[in-house]
Amino acid sequence: MFVKLTIAAIAAAIAAVTLAHAQSYPAKAVKIVSPFAPGGPGDLLPRAVAAGLSPLLGQPVIVENRPGATTIIAMQAVAKAPPDGYTLIFTSVTSLAINVSAYKNLPYDPVRDFAPVALCFTTPLYLVVHPGVPARTVGELIALAKSRPGKLTYGSGGSGTTNHLASELFKSMASVDLQHVPYKSAGLAMTDVIAGHIDLMFGSGGLTEARAGKVRVLAVTSARRSSAAPELPTVQEAGLPGYESTLWFGILAPAKTPAAIVARLSSDIGRVLAQAELRERFNTVDFTPSSPEEFAGLIQREIPKWRKVFEAAKIEPE
């Protein structure tokens, strides 16, 4: 009985300390680490969130860029940070679902080492073809590919990149044979689609080029139509039910961060993402604020999804 009471007393004391810490949070500046280089969406988006979050928390919120090693450097650093709510990370599907299959010895575990706070933004890829490709719908493209097995070429930013994986998921679900042409970047692949050197790609861009008549966009890869181009059907609508491949970004804390702090941050981030000014400024992305539990569920679903794509495409981990 004495032992049981002692254990209960210790647990109660720990809970009281944790609650007191959460109630006084934040007492100093909060840092959001970005594993992306300055200037791009992976830098501008968290800075916008930080600017809106600071007045809600009553403390400075700063963004620190730590790019390198396909986001691994930043992920590893935040995984080892104190779980006190003062160090967060803004990262993507690459860090949280794809790297698990891309590397043999990943030095962090996206599920075990992090506490999801909030999913923030989602953006689709665009299925883009050269105007000379005789297909104006996803269904027509699938039929064309089946009539020319191994003849149509698609570009990507390299093996294991999001546009490569989106293409391989399409190949698998549509049961078509397309020839992969990897480039050093997705931008170079898009240049060659425009030039007609390759037939198609799943790219994060393409709308501007399509409106100029340089390429044709057949569909978006998200489950729902994108607010950036609501006139475009999804790949699901256009002929491939169940297909979905998006770039998504969210904020996480180190594992064991007190639940009260995670809930506070999630609620305040949701308020920031609801601001009309922010939504107008970043009108090319879809705002998808979520609870920590919903974000955790997304991560846990996406890991096996992309593992299957790696296996089906025989992509060897590094």
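Listing for the model above:
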read-out: With all protein chains modelled, accessible area of LYS146 [1.4 Å, Å²]; value: 120
read-out: By average C-beta atoms within 10 angstrom, highest first, the peptides 278-286, 245-253; value: 245-253, 278-286
read-out: Rel. contact order, % - alpha carbon contacts under 8 angstrom, at least six apart, the range 148-241; value: 26
read-out: For peptides 200-211, 50-61, 106-117, sequence by mean Cβ density within 10 Å, most packed first; value: 200-211, 106-117, 50-61
read-out: Dipole magnitude of the range 160-278 about its Cα centre (Cβ charges: Lys, Arg +1; Asp, Glu -1), debye to nearest 20; value: 320
read-out: Span-rule helices in the chain, defined as complete DSSP H runs reaching 27 Å or more along the axis (Cα) with Kyte mean at least 1.0; value: 2-23
read-out: Using a Förster distance of 25 Å, the FRET efficiency for ASP177-ARG136 (Cβ separation, nearest 0.05); value: 0.75
read-out: The chain, relative contact order in percent, only Cα pairs under 8 angstrom and at least six apart counted; value: 25
read-out: Signed unit charges on C-beta, dipole axis of the chain, positive-most listed residue PRO124, TYR108, ALA69; value: TYR108
read-out: Inter-centroid distance (Cα atoms) of the range 82-138 relative to the range 216-254, Å; value: 14
read-out: Net charge dipole size for the chain [Lys, Arg +1 and Asp, Glu -1 on Cβ; Debye, nearest 20]; value: 180
read-out: Phi-based couplings in Hz for the range 113-121 (Karplus 6.51, -1.76, 1.60; Gly and Pro marked x); value: 9, 9, 10, x, 9, 7, 6, 10, 9
read-out: Helical mean residue ellipticity (222 nm; -39500 (n - 2.57) per DSSP H run of 4+; nearest 500) of the chain; value: -13000 deg cm²/dmol
read-out: Whether the range 222-298 is rounded, prolate or oblate, judged on the alpha carbon gyration tensor where a/c under 1.5 counts as rounded; value: oblate
read-out: Reachable lysines from LYS305, criterion Cα separation under 24 angstrom, eight or more residues apart if same chain; value: LYS104, LYS171, LYS314
read-out: Net charge dipole size for the range 100-236 [Lys, Arg +1 and Asp, Glu -1 on Cβ; Debye, nearest 20]; value: 200
read-out: Accessible surface, per residue, of the range 171-258 when the full set of protein chains is kept, probe 1.4 Å, Å²; value: 44
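The values are calculated or read from the model by the stated rules, or taken from the named source; none is laboratory data. Since the structure is predicted, the reported quantities are computational estimates derived from the model, not experimental observations. Here the Cβ is made from the backbone with ideal geometry for all residues, glycine too, and neighbour counts use every protein chain on show. Note: accessible area is taken over every heavy atom of the protein model, side chains too, but ligands, DNA and RNA are not part of it. Shrake-Rupley method; radii C 1.70, N 1.55, O 1.52, S 1.80 Å.
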